[in-house]
Structures are given as structure tokens and as C-alpha cells.
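Take a look at the structure below.
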Amino acid sequence: MKKLETLCVHPLSGQDNIGGGVTSAILPSAAYHYLDTEERRYPGFYSTYNQEKLAAIIAGLEHGEWGLIFTSGMAAITTAILSFAQQNDHIIFSRDLYGGTWKLAEDELPKRGISFSYADNTLTSFQDALQANTKVIYIETPSNPLLKVVPLKEIADFAKKNGIITIVDNTFASPVNQLPLDHGIDISVHSGTKYLGGHNDLPYGALVSKLKIQKDPIYFTANMYGGSLSPYQCYLAERSLKTLALRVKRQNENAMRIAQYLEKHPAVERVYYPGLQSHDDYQIAVAQMQGFGGMLSFELRADAKELIKFQRSLTVIEPAISLGGVESLICSPAQTSHRYISSEARHQLGINENLLRLSVGIEDVEDLIDDIESAIDKSK
Ligand SMILES: *Cc1c(COP(=O)(O)O)cnc(C)c1O
């Protein structure tokens, strides 16, 4: 088996590139001659050459057997969930969810007669939430924004014993840092918009699985709801993946250095990074992740005004929403991803007003630390 960096650059060695180029051709046709070829199996989803190639590359990186590509992470997530949950079924979600997934659970699923519960990041919490009609367990790990880690193998084993499908949102980790399918998870979903795309310019989604039996229901749902990505975007996504390992490993290193720096800073109340021994889930992270990722959060000893001043004083790190790209971005979850939740509920989730979430990019880490240092000084 080739190492990750090699696999990113030469993902499908031995496969011929149409036209004989080193890089893939872009084949935009959405219509195909049929008289002299076998009928295409899944015609509705415009399964083109570039989509299939990108799906095969991501499946390879995630140690899956097959994949599907979508126009957004949410399209991949809704397709995965709605493929296995029907009226009168029940889903267990890990408690800390991406805002869109949270809204899907709270607002959309009840309309379809699908009930759900939340579980904390322990096996017992998932066991306690089990019902006779539980069909799906959906996990986000590490989670947004406190980087909680859910033990994948334990929960996958528990789900298998009970005939439950497991889905993991692997967006925050990327396949460089975490391989859910290797821990027995059935389906891994991604917002490709984040680490896979990596440049804050390419919204897409991906879904990967090992099991052939899951392919038909998922393709069927994907056909019904649409959301297949254009070949041009697929090509850009394929190109971005060549540097995935390089980018994410650098982001891991930068984030670890910044987390260690922040942990010692007197103006910082608390740091959340799964690579720090002070993080509640450090041991689980060590056991199931190859790297700790480029996402970290911290509480600054600052009032609302100082928090804004701190962000405005940054000259390298940009106050912006989204994550996973080469540019370092910072945001206040209470004012962005979690602003629609009541402040009471937010505090229950452990998301305080002075919490900042940092998506660490690939810049020089000393420049990033200097930027934070001088912005803290200016915010006082
Ligand atoms: C951004 C994000 C999503 C949604 O992805 P889109 O591509 O924006 O639809 C889902 N899960 C996580 C963890 C995300 O960060």
C-alpha cells in the first residue's frame, strides 16, 4: 500500500487518463450513446467520468470501496440519512452537530415522522438512547466548536450488534487524520468545501462506504434529491486533493504549536484542542486519529468589545466563517454558527460568549503566533 502523500498525487495509478495526459480530462457530456454500450446503471444522477473518478479517489483515501460526489456537504449528509431512515424510525445523533445537520434534525425530520435523540460522546450515552426503532447513528467527531471526540469503534460495534447503520461526518478530521471506515463505521460523509477542497473556493460534498449493500439505497436517494456536482468542479476538487496530505499535515503541526502557545498565555482562559493532554478526550483522540487536525477553539479573557477588537486587530488571520482552507480563519461561534440557539442552550453546550474558533491554515506558524500576540495586546 502506497503512503498517503503518494496516494494523494497518484491516486489511481494504472488507470488510464483519457487523452494520455498526466492529469484528468474534463468530460462534460451529460448524454451518452446507448446502442453499442451497456446501459448506464444510475442514469438520473448524471454519473459522469469526472464524478466517478473523484469518487473513486476519495473512496481510496478513506479506505472505502465506493463513493458518491455531491454539490455540498449537506447534500451528502441528507442523502446518507434519508437513505436509511423512514417514517416511524429513530436516529441517535451525537450532541454537537454542524448547524445545518442540527436544523435537519430539529426541523426537517419531524415533518417526515422521523424521531431522534442526542447522545453525549460516550458509549453508554448511545446505549441509553437506543430504541426498538433506531435505524441510524450519526456522529460528528471531532465536533464543532469544542472538538469533542466520540469513540468510533465502540459505537460501531454496538450499532452492528443492533443492526443500526452508522454515519460519521469526517469533515473536521479529513482522511489524513481519521479513517472512520477502518473503525467499523458504515458511511463517512464530508463537506468537501472544507479540507478536501482546501482553498475556501469550492463547495462540494462526498460520501464513502465499504459495503456494496448500501450502494443501491444511497444511489436511489441521491437520484431522487439530485445534487450531482459538475465535471468542472470535480476536476478542481481532484486537483485540490493532490495537496491534501501536504496541507493537512502542515495544519496539524501549526495547530498543535498554536494550541500549546495559547495554553500558556495569561489572557487565555481555556484551549480546546484534542492534541492537548488537557483536552477531556485526548486519550480517545490518540487511539483513533492519525493527527489532531487544524481546528482549535479558545476562550479569551475579554468582554464583547475586546473580543471584536481582538479579531479586528489581526492582520494575517481573517475573521471569516468556514474552515479547512489554506488561509487561517477565526470566528466567534456565539455570533456565527450558534447564534440562533438561545444563550442558555449555548451555555449548556459549553459554548461561551468569549469562545473563538480558529481554523489554522498553512502559513508560517511564527507569523500566526505573532499575529495573535499583537492582537491580544491591542485588544486591551
Ligand atoms: C460545513 C460543514 C458541513 C456542511 O457542508 P456544506 O458543504 O457547507 O454543505 C457539514 N458538516 C460539517 C462538520 C461542516 O463543517
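The values are calculated or read from the model by the stated rules, or taken from the named source; none is laboratory data. What you see is a predicted model, and the numbers here were worked out from it, not measured in a lab. No Cβ is skipped: glycine too gets one built from the backbone with ideal geometry, and neighbour counts run over all protein chains shown. When the accessible area is computed, the model is the full protein with side chains, heavy atoms only, and any ligands, DNA or RNA have been set aside. Shrake-Rupley method; radii C 1.70, N 1.55, O 1.52, S 1.80 Å.
Take the conditions under 16 Å from Gly361 (Cβ atoms) and not in a loop (DSSP other than H, G, I, E, B) and apply them to Ile308. Does it pass? Spell out the reasoning first.
Details: under 16 Å from Gly361 (Cβ atoms): no; not in a loop (DSSP other than H, G, I, E, B): yes.
It is false that Ile308 is under 16 Å from Gly361 (Cβ atoms) and not in a loop (DSSP other than H, G, I, E, B).
For a quick check of your reading of the model, give me the residue pairs whose first member lies in region 1-18 and is modelled with pLDDT of 80 or more, whose second is surrounded by 10 or more Cβ atoms within 10 Å (Cβ to Cβ) and hydroxyl-bearing (Ser, Thr, Tyr), with beta-carbon atoms closer than 8 Å and at least 6 apart or on different chains.
Note: pairs meeting the criteria are Cys8/Thr243; Ile18/Ser24; Ile18/Tyr49.
Take region 104-125 and flag every residue that is more than 19 Å from Asp89 (Cβ to Cβ) and either within 16 Å of the ligand (Cβ to nearest atom) or buried (at least 17 other Cβ atoms within 10 Å of the Cβ) (or both).
To start, the set of residues in region 104-125 that are more than 19 Å from Asp89 (Cβ to Cβ) comprises 120-125.
Result: Asn121, Ser125.
One line per residue, one yes/no per condition, for (1) assigned by TED's automatic domain parsing to the domain that holds Glu52; (2) farther than 15 Å from Ile57 by Cβ; (3) open to solvent by less than 10 Å² (accessible area, probe 1.4 Å); (4) of a type in the set (A, V, I, L, M, F, W, C):
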{"position": "Asn177", "(1), (2), (3), (4)": "yes, yes, yes, no"}
{"position": "Gly184", "(1), (2), (3), (4)": "yes, yes, no, no"}
{"position": "Ser188", "(1), (2), (3), (4)": "yes, no, yes, no"}
{"position": "Lys210", "(1), (2), (3), (4)": "yes, yes, no, no"}
{"position": "Tyr225", "(1), (2), (3), (4)": "yes, yes, no, no"}
{"position": "Ala255", "(1), (2), (3), (4)": "no, yes, yes, yes"}
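Asn170 fails exactly one of the following numbered conditions: (1) open to solvent by less than 10 Å² (accessible area, probe 1.4 Å); (2) touching a residue at least 40 places away in the same chain (Cβ under 8 Å); (3) more than 9 Å from the ligand (Cβ to nearest atom). What is the number of that condition?
Every listed condition holds for Asn170 apart from (3).
Among the helices (runs of 4 or more DSSP H) contained in region 47-143, which hold 2 or more residues that are within 21 Å of the chain's Cα centre (by Cα)?
49-61, 73-84, 99-103
Mind listing whichever residues of region 258-276 are free of Cβ contacts under 8 Å to residues at least 40 places away in the same chain and either in the same structural domain as Glu154 (by TED's automatic domain parsing) or within 23 Å of the chain's Cα centre (by Cα) (or both)?
Ala259, Val271, Gly275, Leu276, listed by residue number.
Mind listing whichever residues of region 75-96 are buried (at least 21 other Cβ atoms within 10 Å of the Cβ) and either within 25 Å of Ala345 (Cβ to Cβ) or among the polar types (S, T, N, Q) (or both)?
The answer is Ile77, Thr78, Thr79, Ile81, Ser83, Ala85, Ile91, Ile92, Phe93, Ser94, Asp96.
Among the listed residues Lys153, Lys161, identify the single one that is basic (Lys, Arg), surrounded by fewer than 22 Cβ atoms within 10 Å (Cβ to Cβ) and out of contact with any helix residue (DSSP H, G or I) (no Cβ under 9 Å at 6 or more places or on another chain).
Within the list Lys153, Lys161, the selection yields Lys161.
Residues checked against (1) under 30 Å from His183 (Cβ atoms); (2) buried (at least 18 other Cβ atoms within 10 Å of the Cβ); (3) free of Cβ contacts under 8 Å to residues at least 24 places away in the same chain:
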| site | (1), (2), (3) |
| --- | --- |
| Ser278 | yes, no, yes |
| Gln288 | yes, yes, no |
| Leu296 | yes, yes, no |
| Ala304 | no, no, no |
| Leu307 | no, yes, no |
